[in-house]
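Only one structure is covered here, and it is reproduced in the block below.
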Amino acid sequence: MTATQTLAEVRGTGPYLASGEQEKRTKRRNRRIALALVIPGIAGLAVSFLFPLVYMIRMAFNEGSGNGIVVETFTFSTILDPLTDSYYWKVTADTFLMGLVVGVLCIVVSYPIALFLARTQSKWMGLLLAAALAPLLTSAVVRTYGWMVLLGDDGLVNSTLLGIGLIDSPIRMANSMSGVIIGLVEIFMPYAILAMISGFGRISTQLEEAAGSLGANKAKVFFRITLPLSLPGVLTAFLLVFVLSISTFVTPRLLGGGVVQVLATEIYDQATGLLNWPFAAALAIILLVLFGAVISVYQALIKKIGG
């Protein structure tokens, strides 16, 4: 080794740079590139989500007079008020149950469709997928008004049941929680289908064929192989639908007819009707905590099943 080579290695420059040092420099450069690519996204997230979230939390510690005047202070009374009121406990419970029922029904109705679309080899697969997702092209407001027409006392459903003699008086479906749930299930089905299709890619048809060759019938193959492997996709779809359901405003407001009160409608009423922004922020924090609790349960289940 010449003196020039030795000097180049000591300085860490030139073509004689040690391979270990070169690898470290490459890693540092890659980290800097990754950081440069991530920074714009982080900045956008901070501006569009983090700052408004911090402002909302701070607003919940102010006092509202109910006429749009916000008293800048730092008090826990605004947050404690809904926690000590039985009415808002009921609203929170109704919101949670609504999201739970809508999520379960969406999974039950959408699972066969998603599994079929994930497995089919038909040349019409693209058309079938487009048909399943076509409702997303229509506004939720329009679809909600459609359900108001269908589920009303003089609507198509009640008129048909009365006409064939199955009921003697109209069933109250509009302006009720049951009508809201029906509307939300139809509105959020495409989201559940998309989420499950993306999660069904991990299901191995070879395992199902092997189980069948060993004598397992179709029901046993489904409950022992297909369903367990599809659980991560099912849980993801449920989480998505649940979060969308408990935060939705349009359908509970229109189909509920002012009778169904959930956290989203209460937040709207407090913020725009009573102009009590601190109280609306306190209710939004309750909704945020509900989000966090459900997401924590979801992550624990995913970890348990090895998703």
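Taking Cα centroids, how far is region 93-139 from region 211-255 in Å?
10
Which order do the peptides 178-184, 293-299 come out in when sorted by mean C-beta neighbours inside 10 angstrom, highest first?
Taking the mean over residues of other Cβ atoms within 10 Å, the ranking is 178-184, 293-299.
Could you please state how large a percent of the accessible area of the chain is carbon and sulfur, counting protein chains only and using a 1.4 Å probe?
Here it works out to 68 percent.
Calculate, for I39 and Y268, the FRET efficiency according to 1/(1 + (r/R0)^6) with r their C-beta to C-beta distance and R0 45 Å; round to the nearest 0.05.
For R0 = 45 Å, the calculated efficiency reads 0.80.
Tell me, what is the FRET efficiency for L301 and K27 to the nearest 0.05, using R0 = 45 angstrom and their Cβ-Cβ distance as r? Write out the running numbers ahead of the final one.
Numbers: r = 35 Å, r/R0 = 0.79.
FRET efficiency, L301 to K27: 0.80.
What's the angle, to the nearest 10 degrees (0 to 90), between helix 277-304's Cα axis and the longest principal axis of the chain?
That helix lies at roughly 60 degrees to the long axis.
May I ask you to order 211-221, 140-150, 78-88 by the average number of other C-beta atoms within 10 Å around their residues, highest value first?
In descending order of packing, they fall as 140-150, 78-88, 211-221.
Order 124-136, 273-285 from most to least packed using the mean count of other Cβ atoms within 10 Å.
Going from most to least packed, we get 273-285, 124-136.
Pull out the extension gain between A131 and S198, defined as 0.36 nm times the separation in residues minus the alpha carbon to alpha carbon distance; nm, one decimal.
Length gained, A131 through S198: 22.4 nm.
Rounded to the nearest 0.05, what FRET efficiency do L100 and I69 give with R0 = 35 Å and r taken as the Cβ-Cβ distance? Could you check?
0.40
So what is the relative contact order for region 27-85, in percent, with contacts set as C-alpha pairs under 8 Å and at least six apart?
20
According to the Cα gyration tensor, what semi-axes, each the square root of 5 times an eigenvalue, does the equivalent ellipsoid of region 203-307 have, listed from largest to smallest in whole Å?
43, 16, 7
Report, in cubic angstrom per residue, the convex hull volume of the C-alpha atoms of region 130-255. If you can, show how the numbers build up before the last one.
Numbers: hull volume 18.8 nm³, N = 126.
Convex hull of Cα atoms, per residue: 149 Å³.
In whole Å, what are the extents of region 108-185 along the principal axes defined by its C-alpha atoms, from largest to smallest?
47, 28, 19 Å, listed from the longest principal axis down.
Measuring with a 1.4 Å probe in the full set of protein chains, what accessible area per residue, in whole Å², belongs to the chain?
The answer is 58 Å² per residue.
Report the Stokes-Einstein translational diffusion coefficient (µm² s⁻¹, integer) for region 157-220, Rh taken as the Kirkwood radius over Cα pairs, at 10 °C with viscosity 1.306 mPa s.
Details: Rh = 16.1 Å.
After rounding, the answer is 99 µm²/s.
Give the value in nm², to one decimal: projected area of the alpha carbon convex hull of the chain, averaged over all directions.
29.1
Treating the angle as unsigned and between 0 and 90°, give the value, to the nearest 10°, between the Cα long axis of helix 86-119 and the longest Cα principal axis of the chain.
Once rounded, the angle reads 70 degrees.
Could you size up the charge dipole of the chain around its Cα centre, putting +1 on the beta carbon of Lys and Arg and -1 on that of Asp and Glu, and report it in debye to the nearest 20?
Details: 21 positive and 16 negative charges, 347 e Å.
Computed about the Cα centre, the dipole is about 1660 debye.
The values are calculated or read from the model by the stated rules, or taken from the named source; none is laboratory data. Only a predicted model underlies this, so the values are computations on that prediction, with no experimental measurement involved. Cβ atoms come from the backbone with ideal geometry, glycine included; neighbour counts cover every protein chain shown. Accessible surface areas use protein heavy atoms only, side chains included; no ligands, DNA or RNA. Shrake-Rupley method; radii C 1.70, N 1.55, O 1.52, S 1.80 Å.
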